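Let me begin by handing over the structure; questions about it come next.
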Amino acid sequence: MIKNDKWIREMAGRGMIEPFAEKQVRKDVVSFGISSFGYDMRVSDEFKIFTNVHGAVVDPKNFDDKTFFDFKGDVCVVPPNSFALARSIEYFRIPRNVMTICVGKSTYARCGIITNVTPFEPEWEGHVTLEISNTTPLPAKIYANEGIAQVLFFEGEQPETSYKDKRGKYQGQTGITTAKI
């Protein structure tokens, strides 16, 4: 069952989302905060922008951090047909009987900017690492400290094994976390 704003507020009061925006903030920003059936998380001001200056190959089994350069600032420009990694401002602690799906904000999607995030499994916690793809032939701006994606919460039966139980490799991540094997 998808959870509504009342449930999300209650769970946020128990530390599920920190910091937590009690209402949706919209004025002069890409909106963030609570919504009817989800939570619009923000992107921080820390980015890793993809570059191929070193002629590297992207290999998820042997990831080379030289494929990115670090950037910190209020506006990140993602090169054409490229991508950047970023992280959420919010730190999430997902309950054992909850799973999330995350979808990009329509403001960015209508500009050819796609935000990809894998589901947050039961009992996962950490800052969310965001993959932001610029599908256009033009440079694209991403605004730090504003909304980037909406998290939808689904409650179900408690699983036999949670992400925490299996000691998932991305458990408790802070900062931008690149691929691990």
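Of a type in the set (A, V, I, L, M, F, W, C), in contact (Cβ under 8 Å) with a residue 60 or more places away in the chain, touching a strand residue (DSSP E or B) at 6+ places or on another chain (Cβ under 8 Å) and over 30 Å from Arg167 (Cα atoms), is that true of Val30? Talk me through it step by step, then tell me what you get.
Details: of a type in the set (A, V, I, L, M, F, W, C): yes; in contact (Cβ under 8 Å) with a residue 60 or more places away in the chain: yes; touching a strand residue (DSSP E or B) at 6+ places or on another chain (Cβ under 8 Å): yes; over 30 Å from Arg167 (Cα atoms): yes.
Taking the combined requirement at face value, the residue satisfies it.
Separate question: Return a yes/no flag: does region 147-165 have any residue that is buried (at least 18 other Cβ atoms within 10 Å of the Cβ), at pLDDT below 95, of a type outside the set (Val, Ile, Thr) and closer than 15 Å to Met41 by Cβ.
no
Now for a different question. Quick check: anything in region 115-132 surrounded by 19 or more Cβ atoms within 10 Å (Cβ to Cβ) and at positive phi?
Step one: of region 115-132, the residues surrounded by 19 or more Cβ atoms within 10 Å (Cβ to Cβ) are 115, 117, 120-124, 126-130, 132.
Subset that is at positive phi: 123, 126.
Scanning region 115-132, I find at least one residue that is surrounded by 19 or more Cβ atoms within 10 Å (Cβ to Cβ) and at positive phi, so the answer is yes.
With respect to Met41, is the statement that it is crowded, with 19+ Cβ neighbours inside 10 Å and out of contact with any Cys (no Cβ under 9 Å at 6 or more places or on another chain) true? Walk me through it before giving the result.
Details: crowded, with 19+ Cβ neighbours inside 10 Å: yes; out of contact with any Cys (no Cβ under 9 Å at 6 or more places or on another chain): no.
Criteria not met by Met41.
Output the strands (runs of 3 or more DSSP E) that fall wholly within region 1-89 and possess 3 or more residues being under 23 Å from Ile176 (Cβ atoms) and of a type in the set (A, V, I, L, M), or say none. Reasoning before the result, please.
On the way: elements: 33-35, 38-50, 68-72, 75-78.
Result: 38-50, 75-78.
So which residues in region 99-114 are hydrophobic (A, V, I, L, M, F, W, C) and crowded, with 21+ Cβ neighbours inside 10 Å, if there are any at all? Let's see the steps before the verdict.
Within region 99-114, the first condition is being hydrophobic (A, V, I, L, M, F, W, C), and the residues that meet it are 99, 101-103, 109, 111, 113-114.
Matches in region 99-114: Cys102, Ile113.
Residues being in contact (Cβ under 8 Å) with a residue 60 or more places away in the chain and farther than 18 Å from Ile142 by Cβ: count how many of those fall in region 34-47. Give the derivation first.
Keep residues of region 34-47 that are in contact (Cβ under 8 Å) with a residue 60 or more places away in the chain, which gives 35, 37-47.
Now drop any that are not farther than 18 Å from Ile142 by Cβ, which leaves 35, 37-39.
Of the residues in that region, 4 qualify.
Another one. Whether any residue in region 157-173 is touching a His at 6+ places or on another chain (Cβ under 7 Å) and under 23 Å from Gly38 (Cβ atoms) is what I want to check. Show your work before the answer.
First, the residues of region 157-173 that are touching a His at 6+ places or on another chain (Cβ under 7 Å): 173.
Then keep just the ones that are under 23 Å from Gly38 (Cβ atoms); that gives 173.
Yes.
Just checking, which of Asp74, Asp40, Asp45 is over 15 Å from the mean Cα position of the chain (by Cα), under 28 Å from Cys111 (Cα atoms) and not hydrophobic (A, V, I, L, M, F, W, C)? If you could, list the steps in order and put the result at the bottom.
Numbers: Asp40 fails: over 15 Å from the mean Cα position of the chain (by Cα); Asp45 fails: over 15 Å from the mean Cα position of the chain (by Cα).
Within the list Asp74, Asp40, Asp45, the selection yields Asp74.
Given (1) under 16 Å from the mean Cα position of the chain (by Cα); (2) free of Cβ contacts under 8 Å to residues at least 40 places away in the same chain, identify the lone condition not met by Ala86.
Failed condition: (2).
Taking region 1-20 only, how many residues are small (Gly, Ala, Ser) and either surrounded by 12 or more Cβ atoms within 10 Å (Cβ to Cβ) or touching a residue at least 60 places away in the same chain (Cβ under 8 Å) (or both)?
The initial filter retains those residues of region 1-20 that are small (Gly, Ala, Ser), namely 12-13, 15.
Then drop every residue that is not either surrounded by 12 or more Cβ atoms within 10 Å (Cβ to Cβ) or touching a residue at least 60 places away in the same chain (Cβ under 8 Å) (or both), which leaves 12, 15.
So the answer is 2.
The values are calculated or read from the model by the stated rules, or taken from the named source; none is laboratory data. Since the model is a prediction, treat every value here as computed from it, not as a measurement. Neighbour counts are summed over all protein chains in view; Cβ atoms, including those assigned to glycine, are modelled from backbone coordinates with ideal geometry.
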